[in-house]
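Only the coordinates and a few stated rules stand behind these numbers; no lab work does. Small disclaimer: the values here were computed from a predicted structure and weren't measured. No Cβ is skipped: glycine too gets one built from the backbone with ideal geometry, and neighbour counts run over all protein chains shown.
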Amino acid sequence: MSQNQKLSLIQPLVEHLLQQQEPADWQRALTEQGIMTADEAASLDYNALAAAYKTLKTMQLLNQHPDQIMNAIEEHEVCWKVELAYDYQHGVISY
């Protein structure tokens, strides 16, 4: 599986994790991984903290096997909307 294919799975998962967790959880994850100290994490504003956590999770997941990523998607019950052109909608429904 290519990195782009992995990213297409990872991005919705990371966005879901951001929505499901609190900023304190992000700070804890960053300090537990040794990315920054507790004081450094606490000094970040919301957007910087979210970006740091998002980067951390993306990099962690990029190093995992695709099966592990799929298991995480199932575990966290991640879903995303798929937009299909009108011409294909009936084929998908009948399939």
| task | Can you check what the net charge comes to around M59, using other residues whose Cβ is under 15 Å from the Cβ of M59 (Lys, Arg +1; Asp, Glu -1)? | result | +2
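Report, in debye and to the nearest 20, how large the dipole of the chain comes out about its Cα centre when Lys and Arg carry +1 and Asp and Glu carry -1 on their Cβ. Display every interim value, and only then the final one.
On the way: 5 positive and 13 negative charges, 47 e Å.
With only Lys, Arg, Asp and Glu charged at Cβ, the dipole is about 220 debye.
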| request: For every other residue with a beta carbon closer than 13 angstrom to the beta carbon of V78, add +1 if it is Lys or Arg and -1 if Asp or Glu, then tell me the sum. | output: -2
| remark: So, with points 7 Å from each Cα along the Cβ direction, the M1-Q20 label distance in nm works out to 1.7
| Nearest 10 degrees, 0 to 90: what angle lies between the long axis of helix 3-20 and the longest principal axis of the chain (Cα atoms)? | 60
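How much FRET efficiency would the formula 1/(1 + (r/R0)^6) give for N63 and A85, where r is the Cβ-Cβ distance and R0 is 30 Å, rounded to 0.05?
For N63 and A85, the calculated efficiency is 0.30.
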| What is the distance, in nm, between label points placed 7 Å from the Cα along the Cα-to-Cβ direction at S8 and at N47? | 3.0
